[in-house]
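The values are calculated or read from the model by the stated rules, or taken from the named source; none is laboratory data. Predicted model only: the values in this text are computed from it and were never measured. All Cβ positions, even for glycine, are placed from backbone atoms using ideal geometry, and neighbour counts span all protein chains on display. We work out accessible area using only protein heavy atoms, side chains counted, and drop any ligands, DNA or RNA first. Shrake-Rupley method; radii C 1.70, N 1.55, O 1.52, S 1.80 Å.
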Amino acid sequence: MDFFNIVIQTLDSTIRLSVPLLLACLAGLYSERAGVFDIGLEGKMLVGAFAGAAAASVFHSAFIGLGMAILISVAFALVHGFASITHRGNQIVSGVAINFIAAGSTVILGQAWFSQGGRTPALAPNERFEAIIFPGANALRGVPIVGPIYAELISGHSVLVYLAFLAVPFTWWVLFRTRFGLRLRAVGENPAAVDTAGISVAWLRYRALICTGILTGLAGAYLSMVQNGGFVKDMTAGKGYIALAALIFAKWKPVNAMFACLLFGFLDALAIRLQGTPLPLIGRVPVQFMQALPYVLTVVLLAGFIGKAIPPRAGGVPYVKER
Amino acid sequence: MSTPYAKLPGWADYGLIPLINLLVAFVVAGFVVLLVGENPFRAAVILVEGAFGRGQGIAFTLFYATTFIFTGLSVAVAVHCGLFNIGTEGQAYIGGLGVAVVCLVFDSVTPWWITFPIAIVASAVMGALWALIPAYLQAKRGSHIVITTIMFNFIAASTMVFFLVGALKPAGSQAPQTRNFLEGGQLPKLNWIIELFGAKIRSAPFNVSFLLALLMAWLVWLLIWRTKLGYEMRTYGHSPKAAKYAGISETRIIIIAMMISGALAGMMALNPTMGDQHNVAIDFVSGAGYVGIAVALMGRSHPVGIVLAAILFGALYQGGAELAFEMPAISRDMIVIIQGLVILFAGALEHMFRPYIQVLFASVSPKSMGMAAAKGGGG
Amino acid sequence: MAEAAIELIGINKSFGAVQANRDINLEVARGTIHGIVGENGAGKSTLMSILYGFYQADSGEIRVNGKPATIKTSNDAITAGIGMVHQHFMLVDNFTVLENVILGAESNALLKSSIAKARSELIRLEREYGLQVNPDALIEELPVGLQQRVEILKALYRGAEILILDEPTGVLTPAEADHLFRILGQLKEQGKTIVLITHKLREIMAITDSVSVMRQGTIVATRETKKTTVEELAELMVGRRVLLRVEKDAMQAEGVKLSVKNLTVKDLRGVTMVDDVSFDVRAGEIVGIAGVAGNGQSELLEAISGIRKAVSGSVTLDGKPIDLTGAADPGELRERGLAHVPEDRHHVGLVLAFEENENSILGYQDDEQYLKGPFLNIDAIQKDARDKIEKYDIRPANCRLKTANFSGGNQQKIVLAREIEQDPGVLIVGQPTRGVDVGAIEFIHKRLIAMRDAGKAVLLVSVELDEIRSLSDRILVMFAGRIVGERGSDTTEGELGLLMAGVEHKEAAE
C-alpha cells in the first residue's frame, strides 16, 4: 500500500474515531458553559448506546433507536440536574454516580432482556445508520488525489457523522448569536446576574443539561448503531473522559473542540495503525504510550504549559441566593 | 451562613440520614430488580444470606471489605483536606507494581512476615508517588485535581499493561500477569478466626491484610483528629484562606495529604495480590478505587463509618456473587448499580431528605431546634 | 406630598426564629429620593429584597403606583417598573456592557436586533442622564464606578421608574460618589423615584428628601431630611446616645516596633495595589489607616502579615527584617510577636466548621503548649479556650460548640482573644467591628486601647471613619495604593474625606 493511501485511511479512521468524542465534547460544552460540571458524559453515552441499540433491534428501526438513545440519555442528564441543580449536590459526586448506574444497568438490563451476556442482538442493516454515498463518489474514486479524498474522507459516512460536524457551527451560533446562548454563558459565569435579571437559573441550567443529554445520546447511538452493530458492555471505554479532556483542551470553545477531538481521534487512529510497526529513528512505539497520550497531553495542558485553560467561573458551584 | 440547613442532633446527622439515604438507594435498586423480572425481596434475602449466612460468606465479605477500607480511607483523607481524589483507582493499580517487584524479588528468599512489611512500604510508596504528580500540579500549577487524577487513572492503566505484557510477564506466558508468587509472597489466611465461632470454611481469601486495614483506620483517625498535621489538613479542607493565614503551606499540605491518600490506595493492592491471587494481573483493582468514593461518602469520611460502609459493600460484593448464581438475570453488575445509587443518594443528594427530617424533629421537640433555627436566620 | 410610588403595608419576614422584618409600613412619594438607614443587620437589605422579589414576605402588601402588586420574582419587580442596583454588582465580567444590558431583556430569540436596539437606547440614556460608558467595553476592564453605571443603565433599559440602590457608595471614592449623586439628582428630576439604602448618614443628609430609620427589623422613624439632624438619626439608629469618642489617656509612644519602607504589592493580574508605602508604628500607639475600601489597605495588611508576597520594599519587626518574598510565613511572624486580626473572620480568621477550641489555636498550632510531639494536646487546648471564653465574655460559654453557631460579635471576640492573649508586640487589625453588634464594639475598642496602653504597637485598618478617629493616635490615609497624608487624631472628618478622595496633599492642607 502506498503512502498516500495510508494517509487517507488514517484520516478516514480519524474522522470515525473522533465523532463520538466530538458529540460528547459538545455535550459537555453546553453543561459546563452553564456552570454545571459533568463527568457523567461517559455514563450518558453508555446508556444512549444501550437504549439505541436495544430499541433499534426490538422495533427494527434505526430512528426509533436514535430517539430512545436521546430520550434515555436526557433522562440521565435530568437526574444529574435534579441532584446538582435542584438539590445543590456535589456535581462531581453526582457525575460519578451516574457513570456507575449507567455501567451497571446497561449490562443488567441487556442480560435480562436479550440474554447475550449484556450485549444487544446484532443489528440488521436497516436497524443501523448506513453510510451515505455522495453523488459521483464511486465514479471519482479513480481520479488521483481528489478522488480518494472525496470518496473516502468526505463521502461514505453515516448521517450521524455529518450531524456531529454540523453541530460545531450550530453550537457556535447558538452560544454567540442567540438569546439562549447569551443567557447560558451568563449563568456559567455569574448566576446571580441571571437571577436578578428575572431569569430562572435552575430552568436555564436544566435546558443546558437537556442539550447535553441530546448530544450524549447521539454519541452513544453512534457507538452502538454506526461504529458497532450493537451494544457491547462498557463500549464507551473512557471516551467520555477523553471528551472531557478535549473540552478543557478546547478551552470550552466549539471550534476548538472540533480540532481537539480530531487530534485525539487522530492519536487513536495512529495508535491502531502503528501497532507493531517500527517507526524510523524512534523504533517501535509501545501502543500503551499512544493510548495514554491524550491523557498526558491533557495533564500537560492543565498544568498550564500550553496556555492556560480558564473554566467558566461559576462552574461546579451550586447556585444559592445570597441573603 | 455557609450551610443553608439548620442543625440536627449528631445521631441524626451521622446515623439517621445516611441510613435513610441508603434505604432509598436500595429501594430504587429493588425497582431495577423488579424491572429484570425477579422478586426484590427474595433477592435481598439471598444477598444477605450469601454475605453473612455461612462462615464462607463472612470470610469473603471481610476479604472484599479489606480492599474497600483501604480505598475508602484513601478518599476520606483527601476529602478532609478538601481534595477529591478520584485517582484512588490508579494509585491502587500502581501500588500493585510495588507489590509485584517486591514479591518477585523476595518471595523465594524471605518468609511472608518479612516480605509483607517490605511490600507494604513498596505499595504505599508507589501509590504515594502516583498521587504526587496530580498533587504537585494542583498545588503549584492550579490544575484541577479531579481531572488530573482521572487522567492519571488512564495513564496508570496503560502503564500497568505496558509492564504486565512486558517486563513483568514470565517469558513464554501469554497471560498479562506476573508469575505466581512463592510462599514468601503469600499472606496467611485469617479464616481460623471465623472458624473459632464454629463456622466451616472451605477456602476463602480473608487474610492478614484485614488487620493492616483496621490498623490504618485507627491511624487515620489519629492523624485527622489528634495530630497537628491532621488539624492543618482539616483547616485547609474547610478554608484554604484560613490555612494560609495560619501559616500552613498550601503546597506542603496538599502534597502530604495526597501522598497519604495515595499510600493508602497503594496498600489496597496487597489484599487481592499477596492475599488472594498470588500474582499481579491486569485489572486486578477492578473498580475498587471507585467503590472507595461510595464508602467514604457513606462513612462520612470517618474511619469508623468507613469500616462499617466497607463491610456493607463487601457484603454486597459477596452477596451479589451468590445472587448472580441463584438468579442468573442478576449478574454482579447489580452491585455497580447499587454502588452508583449509594453515591447518588448518600453523596450528591445527601441533603434531599434533610429538610423533612428537620421539620419532623422540629415538630417533635421544638426546643432542640430553637437555637439552630436562630443561627440559620442570622442575616 | 406627591402620590406614592411605593407603599409597603404591614410587611413581615422571618428566617427561622429570626424576624428580619417586623410590621413594616413605608411610603415613598413619586419623584423623590428616600433614604433608608440602619446598622448592619437592621433588615434594610431584606426589605428591599422583598420589594425586588428576591424573597417573599410572610405577610403584608406591596402597592406600586397605588395598585396592589404581587412580586414573587425579580421578573415581577421588573415588570412593575422596579430596578435594583445591588451592593455586589450583578454583572457578567467577561461580557460587554451591551451584553450585560440586554441580558434578560432581549427583544427576541436572536441577539442581533436586541444589541442594535440596546445600542441606540444607550445613546439616548447617555444623552438624557449623562451616563457615559463605552457599550463595547468588557466589564472586567471597567473601573468600579463605571460598572455601577452599567447597573443603573440595566435598570433604566428595563424601563425602571423606581430605582433601589443598596449601599452604592461602599466601593466608591467620595468623588465617584458625588458623581453618582448628581446622576441620581438628574433621575429624580426626570420623575424617577429612588430608594437609597445606606448606613452613611452624611449621604442621607446630602441627597435624600425623606429618610426612614430601621432598627432590629422595624422602621423606628420616618423624617423629612430637612427637619432632622445627623445626631437625631444616629441616635435613632442605635437606640441610645452614641459615644463617638472612646475614653483614652494621652499616648506614650516609645521606640519603633514595626517599620514599613517603600513597600509595593501587586495583585495576581499585576496591578499595583500598594504603591511605595512607608510608615512606622511605635510601641504604645495606635496607627489608623483610613481609606475607601479597595484602595490597597487589605493588601497592605496581608503583605505585612506574610500572607501576600510583596514586589519590593522592606518591612522590619523590632529592627529585624521580614522576608517579603513569601518565605516568611505567618507562623514565623507570629513567633516573632506579630499578631493579626484579619478583615474577613468568616473565611480567614476562623474556620466556621471547627469547634470553638480548635479555632482558639488557629495559627498557633505550632506552639509547644498545645502539642505533645506530633499530637494535639486536647486537654491543654480546651482549658486554654475556656480561659479565654471567660476572660472575653464569649457567649455561649461552650468551647465544644461549632464556631458557626456564635454571633458575629462573639466570633470576633474569639479571634481577638486568640491574638491578644499571645501577648504580641505588634497587633495588626483589619475592620475589627464589621458586622459586630454595638455592645461588642465597645468591648473590642476598649481591648485595643488596652493593648496600646500596655505598650504594644497597633496598626488599625478600618473603613469606618468614626472608628479610625476615635481609636488612632495617628491617622494615615490611603488612596489608590499610596499613603496620601498623615494627620493627628484631632483632624476633621471633612479633611480625611478629601484625602480619601485623592485630592492632592497641598490642596487638602489649605
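For the reader, a short list of remarks on this structure follows.
Matching residues to (1) open to solvent by 30 Å² or more (accessible area, probe 1.4 Å); (2) under 16 Å from C:GLY337 (Cβ atoms); (3) more than 14 Å from chain B (Cβ to nearest Cβ); (4) of a type in the set (Phe, Trp, Tyr):
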site	(1), (2), (3), (4)
C:ALA283	no, yes, yes, no
C:GLY288	no, no, yes, no
C:GLN297	no, no, yes, no
C:LEU300	no, no, yes, no
C:ALA310	no, no, yes, no
C:GLY313	yes, no, yes, no
C:LYS320	yes, yes, yes, no
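- Some residue of the stretch B:143-158 being over 24 Å from B:LEU104 (Cα atoms), aromatic (Phe, Trp, Tyr) and open to solvent by less than 40 Å² (accessible area, probe 1.4 Å): yes
- Filter pass, B:ILE58 being modelled with pLDDT of 95 or more, more than 14 Å from chain A (Cβ to nearest Cβ) and open to solvent by 20 Å² or more (accessible area, probe 1.4 Å): no
- Wholly within the stretch C:1-101, strands (runs of 3 or more DSSP E) carrying at least 3 residues that are without any contact (Cβ under 8 Å) to a residue 40 or more places away in the chain: C:67-69
- Residue match in the stretch B:339-350 (condition: more than 22 Å from B:THR61 (Cα to Cα), at pLDDT below 85 and open to solvent by 10 Å² or more (accessible area, probe 1.4 Å)): yes
- Elements of type helices (runs of 4 or more DSSP H) in the stretch C:352-439, at least 2 residues being in contact with a Pro (Cβ under 8 Å, 6 or more places away or on another chain): C:408-420
- Search result, residues across the stretch B:238-254 that are open to solvent by less than 30 Å² (accessible area, probe 1.4 Å) and assigned to a helix (DSSP H, G or I): B:ALA242, B:ALA243, B:TYR245, B:ILE253, B:ILE254
- B:THR235 vs. criteria free of Cβ contacts under 8 Å to residues at least 24 places away in the same chain, touching a strand residue (DSSP E or B) at 6+ places or on another chain (Cβ under 6 Å) and open to solvent by less than 20 Å² (accessible area, probe 1.4 Å): no
- Qualifying residue in the stretch A:175-197 (condition: within 25 Å of A:VAL79 (Cβ to Cβ), at pLDDT 90 or above, over 13 Å from the mean Cα position of the chain (by Cα) and surrounded by fewer than 17 Cβ atoms within 10 Å (Cβ to Cβ)): no
- Considering B:ALA131, B:ALA171, B:ALA139, the condition of being of a type in the set (A, V, I, L, M), surrounded by fewer than 22 Cβ atoms within 10 Å (Cβ to Cβ) and away from chain A (no Cβ under 12 Å) is satisfied by B:ALA171 alone.
- Among the residues examined, C:ALA5 qualifies as surrounded by 24 or more Cβ atoms within 10 Å (Cβ to Cβ) and either farther than 29 Å from C:GLU464 by Cα or of a type in the set (D, E, K, R) (or both).
- In the stretch A:43-71, the residue that is nearest to the other protein chains (Cβ to nearest Cβ) out of those that are under 16 Å from A:ALA24 (Cα atoms) and surrounded by fewer than 24 Cβ atoms within 10 Å (Cβ to Cβ) is A:LEU71.
- Qualifying residues in the stretch C:452-488 (those that are assigned to a helix (DSSP H, G or I), crowded, with 23+ Cβ neighbours inside 10 Å and among the hydrophobic types (A, V, I, L, M, F, W, C)) - the one modelled with the lowest pLDDT: C:ILE468
- Residues that are of a type outside the set (Phe, Trp, Tyr), open to solvent by less than 20 Å² (accessible area, probe 1.4 Å) and closer than 19 Å to B:VAL48 by Cβ, drawn from the stretch B:299-328: B:ALA309, B:ALA310, B:GLY314, B:ALA315, B:LEU316, B:GLN318, B:GLY319, B:GLY320, B:LEU323, B:MET327
- Identity of the residue in the stretch C:80-97, more than 8 Å from every other protein chain (Cβ to nearest Cβ) and under 14 Å from C:GLU161 (Cα atoms), that ends up most open to solvent (accessible area, probe 1.4 Å): C:ALA80
Yes/no per residue for (1) part of a loop (DSSP other than H, G, I, E, B); (2) open to solvent by less than 10 Å² (accessible area, probe 1.4 Å); (3) in contact with a Phe, Trp or Tyr (Cβ under 8 Å, 6 or more places away or on another chain):
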site: A:GLY217; (1), (2), (3): no, yes, no
site: A:ASP234; (1), (2), (3): yes, no, no
site: A:MET258; (1), (2), (3): no, no, yes
site: A:ASP268; (1), (2), (3): no, no, no
site: A:ARG273; (1), (2), (3): no, no, no
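- Qualifying residue in the stretch C:260-272 (condition: assigned by TED's automatic domain parsing to the domain that holds C:ARG30 and modelled with pLDDT of 90 or more): no
- Residues located in the stretch B:255-298, provided they are within 14 Å of another protein chain (Cβ to nearest Cβ), out of contact with any strand residue (DSSP E or B) (no Cβ under 9 Å at 6 or more places or on another chain) and open to solvent by 10 Å² or more (accessible area, probe 1.4 Å): B:ILE256, B:ILE260, B:ASP283, B:SER286, B:GLY287, B:TYR290, B:LEU297, B:MET298
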